Amino acid sequence: MKLVCSPSRRREPALPTLLFLLFGGALLAVSAFARDTILPGESMSGNQTLVSENGVFELGFFSPGPGLYHFLGVRFKNMTTSPRFWVGDRIFITDLPGAALEDIGSSLYIKEDGYSLWWSSVAEDAAPPATAMAILLDTGNLVVRDQANSSRILWQSFDHPADSMLPGARLGFIRETGDNIVLTYNNSWYNGSIRVDESRRNGFMLTIDGHHLPGTFPDWMVSSQDNGSSLVLNHPERPNVIEFLELQLGQVTLKRWSEGSSANTSGWVPRWTFPSDCKSGGFFCGTFGVCTNNGKCYCIDGFEPKYPDDWNHGYFVAGCSRSLPLSCETNGQTEHDDSFIPFYKLQGLPYNPQNDLAESDEDCREACLSECYCVAYAYDSGCKLWYHNLYNVSLASKPPYNKVYVRLGSKLRAKTRLHRRSIVILVAVFIAVQKAVAFDYDWMASSLKPSGSDVSVSRSVTPMERGQGSCCQLRQLRPWRWCCAAAVSYDVGR
């Protein structure tokens, strides 16, 4: 709605003053937060960030996705699709305004509403210093060091990674602290890790749910320290190149940022991956992805790439997502009940089947339908069910073949009755508004006509068309707010 008159003309603040109040204060506030250090006794609130001196990295409480909790982490400051390098054991924050990162004594503390959720330990047996400071370095490493002796490092985020690491960080045994640094991957159903294997040059062990897969880093990628007990991720050979190492379920990848001619062509490109293809790794194509005989990935019918840009860049590990919802996920609002499609000629069975006591194909199907998180089933001398995800779906080039039934959803039912009812209500409201405006016009016209005057007001002209004066004269007859509320323009049909 838009008002067509104002009660009186008053002097507005000068434009430069207004701009300063709006933007100058904001710039001052931002500059106050744009620092790289937390000094003893200071804190960084949940809505603030630290920025490295070179302006590349930013530390703050970030969310991995919409509607999710916040975690303390480091990211690339000026990149919209930046990965997060989590700090503080991935302690989650539910109340962002109540969160803080505080420098107390010789440690950093993550607090929420005054309660300490996590704190950094001192990295040596010597007595801790009286005071320490935290600084976000130009490498993306958050360091706690002795304020009186900056060379004495008490704790650093590079020695406590989550599932990703930046160049300059290391894996393996750290002689100074006795820690063994590993990358870890965790979600609700699976877990994995990667650690140094000292028995082989540049060797590592990739673990998925207790299953081990040995691998080797190339020489150009890592540097060995302490006789191979630790491996440091090398910096890119060229400046201004951005890379990082990421662990996903069953796969580790060195990713490089590729700047395209537009935002649609820019993205993270795998420079090195282990396993190198879907024939040598069951998680290469991701959940609901299929590995073909020629080593290519595609989605099962009824699914589509979860991140199409990643697939375009040859990175498939995020897998596929449903094109249509399941009936049980929408409280039965789909056009049809959930169905199953057979998937033939598989090499073995998908990863992690669960045994069920069903004694027939039909009973096995019903057992899967009874659980909304069941996504597939197979019956061959016993019932097997798959929950939540479907990994390691690979086509066989020769017998023996296996068959799995994959659960599919359907379209949501069209809400035609509700739609028609909404149209009827809108039409009724529109007619009522028209009648009210016509009545109000008649009242205003009669009230404004002077006694004994020959002046008449045509019904084809509204008070808005007669100008602001007509509305403003009514201040003597009706409350001003009602007058201006009557003189509004309506947009119908939005």
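The values are calculated or read from the model by the stated rules, or taken from the named source; none is laboratory data. Quick caveat, the model's predicted, so the values are computed rather than measured. Here the Cβ positions follow ideal geometry from the backbone for every residue, glycine too, while neighbour counts run over all protein chains shown. Protein only, heavy atoms only, side chains kept; ligands, DNA and RNA dropped before computing areas. Shrake-Rupley method; radii C 1.70, N 1.55, O 1.52, S 1.80 Å.
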Next on the checklist: Every residue in region 106-130 that is touching a residue at least 40 places away in the same chain (Cβ under 8 Å) and either over 21 Å from residue 45 (Cβ atoms) or loosely packed, with under 15 Cβ neighbours inside 10 Å (or both), please.
Outcome noted: 106, 123, 124
Checklist entry - Quick check, is residue 144 part of a loop (DSSP other than H, G, I, E, B) and either touching a strand residue (DSSP E or B) at 6+ places or on another chain (Cβ under 6 Å) or at pLDDT below 95 (or both)? => result no
Item to check | Top-ranked residue of region 226-240 - restricted to ones that are at pLDDT 95 or above and among the polar types (S, T, N, Q), ranked as farthest from residue 200 (Cα to Cα) | outcome: 234
Checklist outcome for this item: Over region 288-342, the set of residues under 18 Å from the mean Cα position of the chain (by Cα), within 12 Å of residue 375 (Cβ to Cβ) and of a type outside the set (Gly, Ala, Ser) is 320
Item to check | residue 337 touching a helix residue (DSSP H, G or I) at 6+ places or on another chain (Cβ under 9 Å), farther than 30 Å from residue 266 by Cβ and surrounded by fewer than 14 Cβ atoms within 10 Å (Cβ to Cβ) | outcome: yes
Checklist outcome for this item: For region 266-302, the count of residues that are hydrophobic (A, V, I, L, M, F, W, C) and in contact with a Leu (Cβ under 9 Å, 6 or more places away or on another chain) equals 7
Next on the checklist: Looking at 284, 244, can you tell me which residue is in a strand (DSSP E or B) and either touching a residue at least 24 places away in the same chain (Cβ under 8 Å) or surrounded by 15 or more Cβ atoms within 10 Å (Cβ to Cβ) (or both)?
Outcome noted: 244
Item to check | region 131-146, residues that are of a type outside the set (Val, Ile, Thr) and surrounded by fewer than 17 Cβ atoms within 10 Å (Cβ to Cβ) | outcome: 138
Next on the checklist: Take residue 103 and tell me if it is touching a residue at least 24 places away in the same chain (Cβ under 8 Å), open to solvent by 20 Å² or more (accessible area, probe 1.4 Å) and either in a strand (DSSP E or B) or among the acidic types (Asp, Glu) (or both).
Outcome noted: no
Checklist entry - In region 43-86, which strands (runs of 3 or more DSSP E) lie fully inside it and hold 1 or more residues that are surrounded by fewer than 20 Cβ atoms within 10 Å (Cβ to Cβ) and in contact with a helix residue (DSSP H, G or I) (Cβ under 8 Å, 6 or more places away or on another chain)? => result 43-45, 70-76
Checklist entry - Restricting the search to region 145-185, which residues are in contact with a Gly (Cβ under 9 Å, 6 or more places away or on another chain), free of Cβ contacts under 8 Å to residues at least 60 places away in the same chain and closer than 21 Å to residue 118 by Cβ? => result 158, 180, 181, 182
Next on the checklist: Restricting to region 190-221, give me the number of residues that are free of Cβ contacts under 8 Å to residues at least 24 places away in the same chain and of a type in the set (A, V, I, L, M).
Outcome noted: 1
Checklist entry - Any residue at all in region 215-225 that is at pLDDT 95 or above, hydrophobic (A, V, I, L, M, F, W, C) and open to solvent by 50 Å² or more (accessible area, probe 1.4 Å)? => result yes
Checklist entry - Inside region 153-178, can you point out the residues that are of a type in the set (D, E, K, R), under 22 Å from residue 74 (Cα atoms) and over 26 Å from the mean Cα position of the chain (by Cα)? => result 170
Item to check | Residues within region 120-141 that are assigned to a strand (DSSP E or B) and either of a type in the set (Val, Ile, Thr) or farther than 30 Å from residue 242 by Cα (or both), tallied | outcome: 2
Checklist entry - Within the set of pairs 6+ apart or on separate chains, which have a first residue in region 383-411 that is closer than 9 Å to residue 346 by Cα, a second that is outside any strand (DSSP E or B) and open to solvent by less than 10 Å² (accessible area, probe 1.4 Å), and C-beta atoms under 6 Å apart? => result 393/350
Checklist entry - Quick one: in region 340-376, which of the residues that are hydrophobic (A, V, I, L, M, F, W, C) and in a loop (DSSP other than H, G, I, E, B) is least open to solvent (accessible area, probe 1.4 Å)? => result 358
